[in-house]
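The values are calculated or read from the model by the stated rules, or taken from the named source; none is laboratory data. Small disclaimer: the values here were computed from a predicted structure and weren't measured. Because the Cβ atoms are built from the backbone with ideal geometry, glycine has one as well, and the counts that use them run over all protein chains shown.
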Amino acid sequence: MSNATTNTAGLSTNLLRRLALMQHLGEDYFIIEGDAIEGIEPIVFEGSEEDAREGFLADIEGTEEPDIDANFRIYCENNLTQVEEFNPDNYDNDYLVLTDSEADDKAKNYITESLWAFTASFLSERTGLDAEVFEAIQSNGKCESNNDTIYNLVQKLDDIDSFVDAAISADGRGHFMSSYDGNENEEEVNGTTFYIYRIN
């Protein structure tokens, strides 16, 4: 099984994102820790450490191995698949993997860019204007082009940050960011909680 409690010091944030996603998907990985004094970086491999060690011991059976841990690392480097960093800018990704603050920022951006799609009743509740005002705007057939108008009304009569908080409280961040199922999932790696959203 994946192991979130292993020491992951020295791993990049984008590699930690990948590990969080692997945990979420139930994919196994293990970490061979580095040595800062020796300048050896930690390294992460796909699969279970138990299986890797069994393969390694079978590989060295009958030979003398005075430094078995160092040789296990070499064995893994030569025979296993190293886990690659998660690239958040890759448009082929099926998932967003974000820190809490990143998720807040992305949700705010999505909400402020899609005000035109909110229900007239919710917009009315937040601004104090009659729902008919928003229904009239939304019925003009301009869709996304109405966003600036509604944004200005919300900003003047409510507060955009309060509006965003209310929208998230009502529906959750996953509703706005997970176009696949509307869910928000959490995984912790190295003391950092990542929030995962499926988008494809």
With the structure loaded, tell me whether Leu123 is surrounded by 15 or more Cβ atoms within 10 Å (Cβ to Cβ), among the hydrophobic types (A, V, I, L, M, F, W, C) and outside any loop (DSSP other than H, G, I, E, B) or whether it fails that test. yes
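Of the residues that make up the stretch 103-115, is at least one touching a strand residue (DSSP E or B) at 6+ places or on another chain (Cβ under 8 Å) and buried (at least 16 other Cβ atoms within 10 Å of the Cβ)? Give the steps one after another, and end with the answer.
Restricting attention to the stretch 103-115, the residues satisfying the condition of being touching a strand residue (DSSP E or B) at 6+ places or on another chain (Cβ under 8 Å) are 103, 106.
Those left that are additionally buried (at least 16 other Cβ atoms within 10 Å of the Cβ): 103, 106.
Within the stretch 103-115 (the criterion being touching a strand residue (DSSP E or B) at 6+ places or on another chain (Cβ under 8 Å) and buried (at least 16 other Cβ atoms within 10 Å of the Cβ)), the answer is yes, since at least one residue qualifies.
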Single residue of the stretch 4-54 satisfying the filter (in a strand (DSSP E or B) and touching a strand residue (DSSP E or B) at 6+ places or on another chain (Cβ under 8 Å)) that is farthest from Arg198 (Cα to Cα): Ile32
Name the single residue that is surrounded by the most Cβ atoms within 10 Å (Cβ to Cβ) among those in the stretch 152-177 being modelled with pLDDT under 95 and assigned to a loop (DSSP other than H, G, I, E, B). Asp158
Residues in the stretch 182-200 that are touching a helix residue (DSSP H, G or I) at 6+ places or on another chain (Cβ under 9 Å) and either in the same structural domain as Val44 (by TED's automatic domain parsing) or small (Gly, Ala, Ser) (or both): how many? 1
Find the residue count for the stretch 140-149, including only residues that are buried (at least 16 other Cβ atoms within 10 Å of the Cβ) and either charged (D, E, K, R) or touching a Ser or Thr at 6+ places or on another chain (Cβ under 9 Å) (or both). 1
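Give the residue, chosen from Ser178, Ser145, Ser139, Ser162, that is in contact with a strand residue (DSSP E or B) (Cβ under 6 Å, 6 or more places away or on another chain) and among the polar types (S, T, N, Q). Reasoning before the result, please.
Details: Ser145 fails: in contact with a strand residue (DSSP E or B) (Cβ under 6 Å, 6 or more places away or on another chain); Ser139 fails: in contact with a strand residue (DSSP E or B) (Cβ under 6 Å, 6 or more places away or on another chain); Ser162 fails: in contact with a strand residue (DSSP E or B) (Cβ under 6 Å, 6 or more places away or on another chain).
None of the other options fit; the residue is Ser178.
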Filtering the stretch 1-40 down to residues that are at pLDDT 95 or above and in contact with a helix residue (DSSP H, G or I) (Cβ under 7 Å, 6 or more places away or on another chain) yields Tyr29, Phe30
